[in-house]
Amino acid sequence: MRAVFKTGFLAVLVSGGLGIAPVLASDATNPSAKRIVSIGGTVTEILYALGAGDRIVARDSTSSFPVEAMKKPDIGYMRALSPEGILGQTPDLILSEDGAGPPDALAILKASEIPMVTIDTPPQGAAIAKKIRDVGAAVGLSDKAETLAVKTDADLAALAGETAKLPQPRKRVLFVLSIANGRIMAGGKDTEAAAIIEMAGGVNAAEGITGYKPLTDEAVIAAKPDVVLVMQSGNHGVKPEEVFALPAFQSTPAAASKSLLRMDGLLLLGFGPRTPDAARSLASSLYPGSF
């Protein structure tokens, strides 16, 4: 059975138009699972934080933390999964973040009857604790997950108290996911980028869009970012000279001060146990001397 963890309830998600039926949390618990295929960097990170890293037999390419995870066999990108590659690991549990695919691959995995649990991943700091609890429940480590979830919530609350005292006006931060042919893909509302910018005491400069979408030059100029935020590595990494050479950025406050911040993508956007540290690090960079 493939369970999808949703806020306040559990449901069975079936690709291809099959029915949806409620299940109990206990039905999605697999405490005896010893051969876990972990799909999604945050799920993998949480499993290691709970002391279950030795139960992972393979992981997807987004699972880059901790370093030990990189030693596990790589089953490919979570949105382009090969069922054969996963089933070849002979798992007794497939644990995945929401959004894995493609749908036909998920249908094959479901047909295999190997237990598959999917963790809901809303881009909200308040949802991190539930994500941790859901992973813990899926592998029979609810006690450890509860301890980690409570600590994560406490760390986020402490940071919120500190950022509330930051001076005005707040820094306007534009998260640039990628640049292709001069087109800027930015993070708008309802994204992990927007959420962590807010956690760090900043203002999302792309508040006029929802999701990750391209911005016109006029929209970039109107956004007036004080800081440009990019991922440090990976396929989406961009260089400062690429950003500030673009006409759209040349008249922005960020270009005038050459303010560009780079952070590891999984740390920045993963929304797992390290998120309080990630937000604090971003806040420290945005407001030097305040932390």
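The number of residues in the stretch 117-137 that are in a helix (DSSP H, G or I), under 19 Å from the mean Cα position of the chain (by Cα), among the hydrophobic types (A, V, I, L, M, F, W, C) and closer than 16 Å to residue 52 by Cα comes to 2.
Return yes or no: is residue 176 under 24 Å from residue 213 (Cβ atoms) and outside any loop (DSSP other than H, G, I, E, B)? In short, yes.
The condition (being in a strand (DSSP E or B) and in contact (Cβ under 8 Å) with a residue 24 or more places away in the chain) is satisfied by just one residue among 184, 197: 184.
Just to be sure before I move on: is residue 261 buried (at least 22 other Cβ atoms within 10 Å of the Cβ), aliphatic (A, V, I, L, M) and either outside the structural domain of residue 98 (by TED's automatic domain parsing) or free of Cβ contacts under 8 Å to residues at least 40 places away in the same chain (or both) in the structure I sent? Judged against the criteria, residue 261 is not a match. Condition test on residue 207, is it surrounded by fewer than 17 Cβ atoms within 10 Å (Cβ to Cβ), under 23 Å from the mean Cα position of the chain (by Cα) and either in a strand (DSSP E or B) or not assigned by TED's automatic domain parsing to the domain that holds residue 127 (or both)? For residue 207, the condition - surrounded by fewer than 17 Cβ atoms within 10 Å (Cβ to Cβ), under 23 Å from the mean Cα position of the chain (by Cα) and either in a strand (DSSP E or B) or not assigned by TED's automatic domain parsing to the domain that holds residue 127 (or both) - is met. If the condition is being in contact (Cβ under 8 Å) with a residue 24 or more places away in the chain and either part of a helix (DSSP H, G or I) or buried (at least 21 other Cβ atoms within 10 Å of the Cβ) (or both), then the stretch 235-247 contributes 242, 243. A search for C-beta distances below 8 Å between a residue of the stretch 145-166 that is in the same structural domain as residue 43 (by TED's automatic domain parsing) and any residue that is surrounded by fewer than 14 Cβ atoms within 10 Å (Cβ to Cβ) and not in a helix (DSSP H, G or I), counting only pairs 6+ apart in sequence or on different chains, returns nothing.
Checked against the criterion of being in contact with a strand residue (DSSP E or B) (Cβ under 8 Å, 6 or more places away or on another chain) and either of a type in the set (Asp, Glu) or more than 15 Å from residue 123 (Cα to Cα) (or both), the candidates 197, 209, 221 yield just one match: 209. If the condition is being modelled with pLDDT of 95 or more, β-branched (Val, Ile, Thr) and touching a strand residue (DSSP E or B) at 6+ places or on another chain (Cβ under 8 Å), then the stretch 120-156 contributes 135, 139.
The values are calculated or read from the model by the stated rules, or taken from the named source; none is laboratory data. Quick caveat: nothing in here was measured; it's all calculated off a predicted structure. All Cβ positions, glycine included, derive from the backbone under ideal geometry; neighbour counts span all protein chains shown.
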